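Report on the structure given below.
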Amino acid sequence: MNPSDPALRSFIAVDPSSDFPIQNLPYGVFFTPERPQLRVGVAIGDQILDLAALESAGLIRCDEGHGTFAQPSLNAFMALGPQVWRRTRARISALLRHDNPELRDNAALRRQALVPQRLAQMHLPIAVQGFTDFYSSKEHAFNVGVMFRGKDNALTPNWLSIPIGYNGRASTVVVSGTPIRRPRGQLRPPTADAPTFGPCQRLDFELEMGVVVGQASAMGDMLTAEQAEDMIFGFTLLNDWSARDIQQWEYVPLGPFQAKAFGTSISPWIVTREALEPFRVHGPPQEPPPLPYLRQARPNNYDLHLAVDLKTEQIAQAAGISRTNFRYMYWSSVQQLVHHASSGCAMNVGDLLGSGTVSGPDKGQRGSLLELSWNGTEPLELEGGVRRTFLEDGDSLILRGWCQGDGYRIGFGACEGTILPAG
Ligand code: CA
């Protein structure tokens, strides 16, 4: 049976509002206080299925003689390739089905292999090899362009031809829940004559999706759209924290550097490309048509809802500040990957590609405070008279994402981070 079939049920009770029904089966890396070894698991309802335990019990086999899941990251599993990913997903789905007794009726193994999520600590799921961040939402690029260059020059001349990106830092990609220290940097407000060095005053978030590359490509090779798609293991939520004032002074002419190097948060669960397959949709029309190497025969966007909540120390309830959808992205993840390799750049197992800030056409669909507060000129009004233009110390940002099926959702969990003072 197709592991994405909406009719599938698990013997583990899953609430319809859960992000993790049997149709999802996202991968993560975790440990527990009583067993501190890092290992790979799959989320099902409010539980984690410990794949290392199933592997040592002989119920799952990926790579004969090697422990694929008793690992501190998903890289070893990803390296085995798309056929193994498909086979393993089908096997996990079968083991969790309500009518399969293998795990259901083995009480000893269930005790060992099912861990309540509330007792587990999630770890960064991949050993990030390279982090590249794109800039592929036309609405976001247009909004930022209007603020900094005016309406007539909002999109740079290359924007409709190239999925623009920059090489970011893998070293500061962290898992959800890791606090983010306010960065320090060179600042030169438009009114000042000379730069100073100090804490960022305009700290922002960027709502993005992260693409996890699960297969390598050789230096010198180009990729077709089909090859690129086969290399994509899955997706995470991604917050590309950004220091707008540092960025504004440093970005000419080589683009962002320290403004985006101090922290990037991802959600702990990687949702596989296969689980998202039923939600595939066309992106916006591309006019002018991309150059031949960037053309794609299939729809490569996803109908994936995104939500941003802001929690401050002054308000009781987190406030919803943005609701948008990943489907609005102009350049697809497949086109980004094809372009990334097009010069001959080698891709590695464990590379992470940020989609770029996801903004939709409406005001409430903007994916950054820069846009939501229109460069600080239109503060957000939260409860009790609390206002925000940019993030303050103690503020927490929570990203969520999900595809809505008929009676179930394919969700990503949360991607959270709290701002610590610069110190
Ligand atoms: Ca970004």
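Points to keep in mind about this one:
- Of the residues in segment 355-362, none is of a type in the set (D, E, K, R), open to solvent by 20 Å² or more (accessible area, probe 1.4 Å) and part of a strand (DSSP E or B).
- Filter pass, residue 188 being away from the ligand (no atom under 16 Å from the Cβ), basic (Lys, Arg), touching a residue at least 60 places away in the same chain (Cβ under 8 Å) and touching a helix residue (DSSP H, G or I) at 6+ places or on another chain (Cβ under 6 Å): yes
- Residues of segment 262-277 satisfying the condition of being open to solvent by 10 Å² or more (accessible area, probe 1.4 Å) and out of contact with any Pro (no Cβ under 8 Å at 6 or more places or on another chain): 273, 277
- Residue list for segment 204-238, restricted to those being within 16 Å of the ligand (Cβ to nearest atom) and either surrounded by fewer than 24 Cβ atoms within 10 Å (Cβ to Cβ) or not in a strand (DSSP E or B) (or both): 205, 206
- Matching option when the condition is farther than 21 Å from residue 213 by Cβ, outside the structural domain of residue 237 (by TED's automatic domain parsing) and out of contact with any Pro (no Cβ under 7 Å at 6 or more places or on another chain), among 45, 81: 45
- The set of residues from segment 142-177 being part of a strand (DSSP E or B) and of a type in the set (S, T, N, Q) comprises just one member, 167.
- Criterion violated by residue 200 - all others in (1) open to solvent by 10 Å² or more (accessible area, probe 1.4 Å); (2) in contact (Cβ under 8 Å) with a residue 60 or more places away in the chain; (3) of a type outside the set (Ser, Thr, Tyr) satisfied: (1)
- Qualifying residues in segment 334-354 (those that are open to solvent by less than 10 Å² (accessible area, probe 1.4 Å) and within 16 Å of the ligand (Cβ to nearest atom)) - the one nearest to residue 74 (Cα to Cα): 352
- For segment 225-240, the tally of residues that are of a type outside the set (A, V, I, L, M) and within 13 Å of the chain's Cα centre (by Cα) stands at 6.
The values are calculated or read from the model by the stated rules, or taken from the named source; none is laboratory data. On a predicted model such as this, the values are computed, not experimentally measured, just so you know. Glycine also receives a Cβ, built like all others from the backbone with ideal geometry; neighbour counts cover every protein chain displayed. Heavy atoms of the whole protein, side chains included, go into the accessibility calculation; ligands, DNA and RNA do not. Shrake-Rupley method; radii C 1.70, N 1.55, O 1.52, S 1.80 Å.
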